[in-house]
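What follows is a single structure, written as structure tokens, with notes after it.
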Amino acid sequence: MSQALSQQDNLFLSVSEVQERIINDIKAIDGTERVDLRHALGRILATDVTATINTPPCDNSAMDGYAFNSNDINDQDTLTLKVTGQSFAGHPFTGEIASGEAIRIMTGAQVPVGVDTVVMQEHTETADENTVKITTIPKPFANVRKAGDDLITGQTFLARGKKLSPTDLAFLATQGIAEITVKRRLRVAFFSTGDELRSIGETLSEGEIYDSNRYSIYGLLKNMDIDIVDMGVIRDDRQAIEEAFKTASSVADAVITSGGVSVGEADFVKETLGKLGQINFWKIAMKPGKPLAFGTLGKSLFFGLPGNPVSVIATFYQFVQPALKRMKGQDTVLPLVIKVKTTELLKKRPGRTDFQRGILEQSDTGELTVKNAGIQASHVLTAMSRANCFIVIPAESGSIEAGEMVDVQPFEGLIG
Ligand code: AMP
Ligand code: MG
């Protein structure tokens, strides 16, 4: 390797270095809004939420059966009690219960004062409606769900930064909470650059291709519940680019472009960015990917992604998605990584971190394995489309033999 090349190599940053540089600098947006419970699904909680009532609010039965006092349990195999009342869900028993007495009780019905144990009806016999014979004696306090088992008044049960799941909506509903404060939605503007690009609906001339990156970026942002501003294709023209950057940064929290950041690209993209904002141009030791521009453009964050379609998706997952999650105020931001066995040889040369397109599968015995999704080239969407994960192979690693363990990042939505 020539001296010049090896010096250039030293300028390469690792994936994790770039992730740290990007994520550490980003603050969550301040804006919040009140939304009703249903509209809170998938939104990011802006405040901690504290219980104002116990859940369950009262001791209640986990079974249909009979409630009685555990003091009545003696050393006999069976126990016969007098049935003096009933407690149904929503219709509690209000009388007194003496020793030797039981009440009929249903699941979810309040367990009244004076009793502490429920026997399921399958463990009883009833000769008449006033008498119950317990044939299998339960342990004292069995089948009673205590008040506050789930939440106790004053307890913080959801933390700021949580992305609200269907379960969380139910959790909030148990507290009677109708409205909640969430972070406002992020707004992201994006456009593609390149004189070779045509938007779908237009006719391709010689040497032109359809702009596909705007569609992957659209989908990736939509999956993150982000408001989008699609600004189309901007020609490689100084004035058009400058205007696009200005408009984008004035309407959005973040601006994403694809193409035009690699070495040899028309310099005015860099020149314009230099004029309008504070942008770093990085070379990252990753494949696909490599060039990435990141910084601020007015009040917006700016991400200049590479042009190749697979590189766009790979760099979005590694850098843009974590950054936008952080901006949204979300608590976890980096992609989940799991270790699984590869069933195939994964070819690689040492030097850069590979994000190979993989297919994560489950064998008959439940073991997770991964295999190659197809041709690994940054302009080939076929393997990317088939893939459900990235296989992450460390920079220094060479090829991985079949049967070895590898790191895998399942795509968002595949797990969780
Ligand atoms: P660039 O980074 O501008 O040099 O682009 C690298 C490669 O990605 C070139 O082959 C471009 O034609 C291609 N490319 C750039 N932008 C897009 C886009 N929006 N859609 C599809 N391909 C693109
Ligand atoms: Mg270009």
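Every number here is computed from the coordinates shown, using simple stated rules; none is lab data. Computed from a prediction, not measured in an experiment: that's the story for all the values here. Positions of Cβ are backbone-derived with ideal geometry, glycine not excepted, and every protein chain shown enters the neighbour counts.
Peptide packing: for 148-158, 36-46, the average count of neighbouring Cβ atoms within 10 Å per residue gives the ranking 36-46, 148-158, highest mean first. Charge tally for residue 19 (other residues, Cβ to Cβ under 14 Å; Lys, Arg +1; Asp, Glu -1): 0. Modelled label positions at residue 237 and residue 381, each set 7 Å beyond Cα in the direction of Cβ, lie 2.6 nm from each other. Considering only Cα atoms, the convex hull volume of segment 355-405 works out to 85 Å³ per residue. Distance from the Cα centroid of segment 76-106 to that of segment 247-307 is 73 Å (rounded to whole angstrom). Exposure proxy ranking for 290, 133, 162, based on other Cβ atoms within 10 angstrom of each Cβ and starting from the fewest, stands as 133, 162, 290. Helices in the chain, meaning DSSP H runs of at least 4 residues, each add -39500 (n - 2.57). Divided by all residues, the mean residue ellipticity at 222 nm is -5500 deg cm²/dmol.
Averaging 1/r over each pair of different alpha-carbon atoms in segment 168-309 and inverting the result gives 16.5 Å, the Kirkwood hydrodynamic radius. Short-range pairs are left out: with C-alpha atoms under 8 Å and at least six residues apart, the relative contact order of segment 1-145 is 25 percent. Among 22, 359, 338, determine the one that fluctuates most according to a GNM of the chain built with springs between C-alpha atoms less than 10 Å apart. Fluctuation is largest for 338. Taking all Cα-Cα distances within segment 264-407, those exceeding 27 Å account for 30%.
Take 80-86, 255-261 and order them by the average number of nearby Cβ atoms within 10 Å per residue, most first; the result is 255-261, 80-86. Please give the residues of segment 12-26, grouped as numeric ranges, whose backbone N is less than 15 Å from a label point set 7 Å along the Cα-to-Cβ vector of residue 337. The answer is 14-21.
Per-peptide packing, taken as the mean over residues of other Cβ atoms within 10 Å, places 361-367, 326-332 in the sequence 326-332, 361-367 from highest down. Rounded, prolate or oblate: which one fits segment 328-416, using the alpha carbon gyration tensor with axes a ≥ b ≥ c (rounded when a/c is under 1.5, else prolate when a/b beats b/c, else oblate)? Rounded, because the longest to shortest axis ratio a/c is under 1.5. Estimated from the Cβ-Cβ distance and a Förster radius of 51 angstrom, the FRET efficiency linking residue 225 and residue 121 is about 0.60. Straight-line reach from residue 299: taking Cα to Cα under 27 Å and skipping same-chain neighbours fewer than 8 places apart, the lysines in range are 27, 162, 163, 183, 222, 246, 270, 275, 283, 290, 325, 328.
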